[in-house]
Amino acid sequence: MGPNVFKLNEINYINNSPVDLSLLDNKYFIFPGFTDVHVHFREPGFSYKETIKTGSMAAAHGGYTAVCTMPNLNPVPDSYENLKVQTDIIDKDAVIDVYPYGSITVKQQGEELSKMEEMEKAIAFTDDGKGVQDEEMMRKAMIKAKSLNKMIVAHCEVNDLLHGGYIHDGEYARLHNHKGISSASEWVEVERDCKLSLETGCKFHVCHISCKETVDIIRKYKKLGADVTCEVGPHYLIMNDMDLKEDGFYKMNPPIRSEEDRLALIEGLKDGTIDMIATDHAPHSLEEKSKGLEKSNMGIVGLETAFPLLYTNLVKTEIISLDKLIELMAINPRKRFGIPFKEGEFTVFDLNEVYKIDSKDFLSMGVNMPFEGMEVYGKCLLTVSNGKIAYKSENI
């Protein structure tokens, strides 16, 4: 058993633990609190989808003790004043540690750099949801971020290569007469930004990679010495485009791609090209997700399903080890983003419990995800953040 995974009877002392862990038998496992560097909590501006409170409660329910919130908000956190609107809510309502991003450009419009120097509390800078289309603008952003010792985090997408697509440009799209999103719309901008990272020396992180070409490009630039990391979402690791249904709950950006892409992503996990797993938790209203594949909003929720899905599909099938999964979900994100582990911060799972995913059990306001009814192993029983119980199952 690796250094990141423990059975409870192997733990003699947990710092400032508010519960008596000796009451639990040795079928339960304790892990470092998971960290998700890519979530959407929708507040301020879109609290009908999710709030800081409900999002952080959902995160704790999934075993997370730290998350990084994306800037797709109103107001966009592109200045001290706008970021403070969000941090004030975080300070009041969050049940775990929540680290907000600042935007790269003003209002995420790609035309003018945000006031990065004002946003000391920003964990990094991103225009997530939109690729920065202009190369010179991204170069300026990287130079500025490097001067502030901050990281640029990018949703890489070339608008001119989308052609009105909304699912992967693959077999399912052809069979069902849907417009496809090409893999090139992702990897072309990934390659551009990796080159810029190598040129400027800026720390660079690629969001939610989905295709085999992107894996190859990041592997190449890591070998060249670029300070580049990346993440992948659980859905890209366990599904391919032939698993799609005519349902908006299967729609996200980037889309679920081919089996060849899925296998390349798994290989990237194994060889260290892919550094971490992030959910891209993106709650929407039922109305916004009930318009089919073409017209529904992009995005699915994932905080409350990530660990059981990955444990069931990757660990129990012996594709990766349990310790590797904890490294991807808890250790590596904190190392890369400079998020410290604190005393009294852990999560407890029953790895033997088998159950079917039921969105009625979610604490998130969003239920939009393609995993309903899937049978999984691994249920969160307890999450402790900053020495306080953030989530506790009725079974404890």
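No value in this document is a laboratory result; all are computed from the given coordinates. Not measured: the values here are computed from a predicted model. In this analysis, Cβ positions are derived from the backbone assuming ideal geometry, glycine residues included, and neighbour counts consider all displayed protein chains.
Could you work out how far apart the two model spin labels at Leu162 and Glu112 are, taking each label as a point 7 Å from the Cα in the direction of the beta carbon, and quote it in nm?
With each label point 7 Å from Cα toward Cβ, the separation is 2.3 nm.
Pull up all non-local amide H partners of Cys68: gap of 5 or more, or a different chain, and H-to-H distance under 5 Å with H placed in the peptide plane.
Asp36, Val37, His38, Val39, Tyr99
Give, as a single signed number, the net charge of other residues whose beta carbon lies under 13 Å from the beta carbon of Lys115, with Lys and Arg counted +1 and Asp and Glu -1. List each step's numbers first, then the result.
Numbers: positive: Lys84, Lys107, Lys121, Lys144, Lys150; negative: Asp78, Glu81, Glu112, Glu117, Glu118, Glu120.
Around Lys115, the charge tally is -1.
Counting only other residues whose beta carbon sits under 11 Å from that of His284, what net charge do I get with K and R as +1, D and E as -1?
Spelling it out: positives minus negatives among the neighbours equals +2.
What is the chain's relative contact order, in percent, from Cα pairs under 8 angstrom and six or more apart in sequence?
20
Find the centroid of the Cα atoms in region 97-130 and in region 131-171, then give the distance between the two in whole Å.
One Cα centre to the other: 13 Å.
When only C-alpha pairs under 8 Å and at least 6 residues apart count, what is the relative contact order of region 271-347, in percent?
30
To the nearest 20 debye, what is the magnitude of the charge dipole of region 127-214 about its Cα centre, counting +1 on the Cβ of each Lys and Arg and -1 on the Cβ of each Asp and Glu? Present the calculation step by step, with values, prior to reporting the outcome.
On the way: 12 positive and 15 negative charges, 71 e Å.
My answer is approximately 340 debye.
Run the simple label-point estimate for Tyr80 and Ser393 please: 7 Å along Cα→C-beta, distance reported in nm.
Rounded to a tenth, the inter-label distance reads 4.6 nm.
Take every Cα pair under 8 Å in region 102-148 that's 6+ residues apart, average their separations, divide by the length, and report that relative contact order as a whole percent.
Once normalised by length, the contact order is 39 percent.
Radius of gyration and Dmax for the chain's Cα atoms, expressed in Å?
Spelled out, the Cα radius of gyration and Dmax of the chain are 19.9, 59 Å.
Just flag the GluC sites (Glu not before Pro) in region 118-225 sitting in loop per DSSP whose Cβ has no more than 15 other Cβ atoms within 10 Å.
Glu120
Placing +1 on the Cβ of each Lys and Arg and -1 on the Cβ of each Asp and Glu in region 86-147, which of Met137, Leu113, Phe125 has its Cα farthest towards the positive end of the resulting dipole?
Positive-end residue among those listed: Met137.
Between region 227-306 and region 36-58, what is the separation of their alpha carbon centroids in Å?
Cα centroid to Cα centroid, the span is 18 Å.
Please state the charge dipole magnitude for the chain, taken about the Cα centre, from unit charges on C-beta atoms (+1 on K and R, -1 on D and E), reported in debye and rounded to the nearest 20.
In debye, rounded to 20, the chain gives about 500.
Can you compute the charge dipole magnitude of region 273-396 about its Cα centre, using +1 on each Lys and Arg Cβ and -1 on each Asp and Glu Cβ, nothing else charged? Give it in debye, rounded to the nearest 20.
Value, rounded to 20: 280 debye.
With a cut-off of at most 11 other beta carbons within 10 Å, and DSSP calling the residue loop, which GluC sites (Glu not before Pro) in region 265-326 qualify? Please list them.
Sparse-neighbourhood loop GluC sites (Glu not before Pro): Glu287, Glu318.
So what is the calculated 222 nm ellipticity per residue for the chain, using -39500 (n - 2.57) for each DSSP H run with n of 4 or more, over all residues, to the nearest 500 deg cm²/dmol?
Details: 12 runs with 110 residues, N = 396.
Calculated mean residue ellipticity at 222 nm is -8000 deg cm²/dmol.
Are there trypsin sites (Lys or Arg not before Pro) in region 290-396 that DSSP marks as loop and that have at most 14 other Cβ atoms within 10 Å, and which are they?
Taking region 290-396 and a limit of 14 other Cβ atoms within 10 Å, the loop trypsin sites (Lys or Arg not before Pro) found are Lys291, Lys316.
What FRET efficiency comes out for Asp271 versus Lys291 if R0 is 30 angstrom and r is the Cβ-Cβ distance? Round to the nearest 0.05.
After rounding to 0.05, the efficiency reads 0.15.
So which of Lys115/Lys150; Lys53/Lys388; Lys316/Lys388; Lys130/Lys251; Lys53/Lys121; Lys92/Lys392 end up more than 23 Å apart by C-alpha?
On the way: Lys115/Lys150 13 Å; Lys53/Lys388 15 Å; Lys316/Lys388 31 Å; Lys130/Lys251 17 Å; Lys53/Lys121 19 Å; Lys92/Lys392 21 Å.
The pairs that break the limit, which is 23 Å between Cα atoms, are Lys316/Lys388.
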